[in-house]
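The numbers here are math on the coordinates, done by the rules we state, and not lab data. Fair warning: this is a prediction, and the values are worked out from it, not measured in the lab. No Cβ is skipped: glycine too gets one built from the backbone with ideal geometry, and neighbour counts run over all protein chains shown.
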Amino acid sequence: MTKLPADFPAQTDKHSTEEGAVFAPRFDSSGLITAVVTSADDGELLMVAHMNSEALRLTLETGIAHYWSRSRKSLWKKGETSGNLQTVIEMRTDCDQDALWLKVRVAGNGPTCHTDRHSCFYRTVDISGNNVILHK
């Protein structure tokens with residue numbers, strides 16, 4: 001893969017950001033960008049994570065998803081210890097380039113969630129009554 005420059009380009013103006021061909025991701029005040037991750041095979045929502053510029057650069061250079069762990073405050077190559085690596089099939093950015101959508105294929109169809117589930121989104125929120133209840 002191609003080696004990327006040290007820094008991503010800065011956004012110049014609204015029109016260029018929304019309509020231009022330059023990928024200029026906008027990181028938040030903590031230096032992070034949100035990544036929504038779905039299965040490239042069936043579209044299922046697998047997880048939501050964050051990337052710093054290093055994680056994004058490594059993802060683009062290797063084709064394997066890397067994230068920034070806010071709790072551990074460290075770079076995280078998804079699946080490195082479990083073997084369930086996420087190969088990025090497609091990456092999209094939203095209109096103002098402050099969020100990413102990764103379509104991935106998980107090695108061995110292994111679990112994505114640390115709870116050993118396919119998706120981190122395994123519970124529904126029941127809002128039909130007076131109490132908000134989680135269901136598996």
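Cβ separations smaller than 7 Å between residues 6+ apart or across chains give the following pairs from segment 36-52 residues that are more than 13 Å from Trp68 (Cα to Cα) to residues that are among the basic types (Lys, Arg): Thr38/Lys103; Ala40/Lys103; Ala40/Arg105; Asp41/Arg105.
Does Trp76 satisfy being in contact with a Phe, Trp or Tyr (Cβ under 9 Å, 6 or more places away or on another chain) and under 30 Å from Lys136 (Cα atoms)? Yes.
Listed by position, the strands (runs of 3 or more DSSP E) inside segment 40-136 whose residues that are within 27 Å of Phe8 (Cα to Cα) number at least 1 are 45-51, 66-69, 74-77, 86-93, 99-106.
Quick grid of which residues meet (1) free of Cβ contacts under 8 Å to residues at least 24 places away in the same chain; (2) exposed (fewer than 12 other Cβ atoms within 10 Å of the Cβ); (3) of a type in the set (S, T, N, Q):
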{"site": "Thr12", "(1), (2), (3)": "yes, yes, yes"}
{"site": "Leu32", "(1), (2), (3)": "no, no, no"}
{"site": "Arg57", "(1), (2), (3)": "no, no, no"}
{"site": "Glu61", "(1), (2), (3)": "no, no, no"}
{"site": "Thr81", "(1), (2), (3)": "yes, yes, yes"}
{"site": "Asn84", "(1), (2), (3)": "no, no, yes"}
{"site": "Thr93", "(1), (2), (3)": "no, no, yes"}
{"site": "Ala99", "(1), (2), (3)": "no, no, no"}
{"site": "Asn109", "(1), (2), (3)": "yes, yes, yes"}
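The residues of segment 31-58 that are under 10 Å from the mean Cα position of the chain (by Cα) and either of a type in the set (Phe, Trp, Tyr) or closer than 19 Å to Gly108 by Cα (or both), listed by number, are Val37, Thr38, Leu46, Met47.
Yes or no, residue by residue, for (1) among the hydroxyl-bearing types (Ser, Thr, Tyr); (2) within 30 Å of Thr115 (Cα to Cα):
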residue: Thr12; (1), (2): yes, no
residue: Val22; (1), (2): no, no
residue: Thr38; (1), (2): yes, yes
residue: Glu44; (1), (2): no, yes
residue: His50; (1), (2): no, yes
residue: Ala55; (1), (2): no, yes
residue: Leu60; (1), (2): no, yes
residue: Trp76; (1), (2): no, yes
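Going by what's in this entry, would Phe23 be described as of a type in the set (A, V, I, L, M, F, W, C), touching a residue at least 24 places away in the same chain (Cβ under 8 Å), in a loop (DSSP other than H, G, I, E, B) and surrounded by 15 or more Cβ atoms within 10 Å (Cβ to Cβ)? No. Out of all the residues in segment 88-97, is one or more of a type in the set (Ser, Thr, Tyr) and within 16 Å of the chain's Cα centre (by Cα)? Yes - at least one qualifying residue is present in segment 88-97.
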